[in-house]
1. Sequence gap at least 6, Cα distance under 8 Å: using those rules, report the relative contact order of the chain to the nearest whole percent.
2. By accessible area of protein heavy atoms, probe 1.4 Å, what ranking do VAL103, VAL57, VAL120 get, highest first?
3. Determine, for region 2-137, the count of lysine pairs separated by eight or more sequence positions (or lying on different chains) whose alpha-carbon distance falls under 12 Å.
4. Can you list the GluC sites (Glu not before Pro) in region 1-108 that are in a DSSP coil and have 11 or fewer other beta carbons within 10 angstrom?
5. By its C-alpha gyration tensor, with a ≥ b ≥ c as the square roots of the eigenvalues, how is the chain shaped: rounded for a/c under 1.5, else prolate for a/b larger than b/c, else oblate?
6. Restricting to the chain, what percent of DSSP beta bridges are antiparallel, rounded to 5?
7. Using Cβ-Cβ distances only, list the Cys residues of the chain with no partner cysteine under 4.7 Å, sorted by number.
8. Taking the Cα centre of each part, how many Å lie between region 98-124 and region 1-50?
Amino acid sequence: MNNLQRRLQTYKKLGLKLTPQRLAILEFLETTREHPSAEDIYNALKERYPSISFATVYNTLEVLIEKGLVKELGLDSSKKRFDPHLHHHHHFICKKCGKIVDVERSFDVVIPEELREFEVTEFQVVFTGICSACKGK
Ligand code: ZN
Ligand code: MN
C-alpha cells in the first residue's frame with residue numbers, strides 16, 4: 001500500500017468526507033518533524049490549497065486527536081502544538097522560539113514515595129532551554 005492509499009484509508013476509518021485539503025493535512029502531519037500548531041499547518045498549506053480554511057484545519061485536527069491519531073502537546077503555553085508521532089518519546093522546547101525537538105531515548109526515573117499508592121503508567125521528560133539557532137543570535 002502506498003502513502004496515498006494509506007491516507008485514504010485513514011480518512012475512511014475516521015468517517016470524514018475526503019477532500020484534497022484533508023489529505024494534504026494528513027500528508028503534512030506524516031512528513032513533519034516539527035510540532036506544528038493549527039496556524040502552522042494552515043500557513044504551510046494555504047498557498048498550494050487556496051480553498052483551505054483555518055476551520056478545516058482545526059476541525060480535522062480535533063477529529064484526529066479524538067481518534068488518537070495525533071497527540072496534543074501542552075508544552076507551549078502560547079498555543080496548542082500537535083505531535084503526529086505517537087510512540088513514547090520525550091521533548092526539548094526552546095524558551096525563545098518555541099521549537100520543539102524529539103528526544104528519543106529512555107530515562108530511568110525513581111517513582112517518588114508519594115506516588116507509590118498510584119499506578120504510574122507513563123512519564124514525560126521535558127527539557128527546556130535555548131535552541132542552537134537562538135543561542136547564536
Ligand atoms: Zn529557539
Ligand atoms: Mn514529538
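1. Computed value for the chain: 19 percent relative contact order.
2. Result, largest first: VAL120, VAL103, VAL57.
3. 5
4. Counting only loop positions with at most 11 other Cβ atoms within 10 Å, the GluC sites (Glu not before Pro) in region 1-108 are GLU47, GLU104.
5. oblate
6. 65
7. Those would be CYS97, CYS134, since no other cysteine Cβ in the chain comes under 4.7 Å of theirs.
8. 31
The values are calculated or read from the model by the stated rules, or taken from the named source; none is laboratory data. Predicted model only: the values in this text are computed from it and were never measured. As a convention, Cβ positions derive from the backbone with ideal geometry for all residues, glycine included, and neighbour counts pool all protein chains shown. The area values use the complete protein model at the heavy-atom level, side chains included, leaving out ligands, DNA and RNA. Shrake-Rupley method; radii C 1.70, N 1.55, O 1.52, S 1.80 Å.
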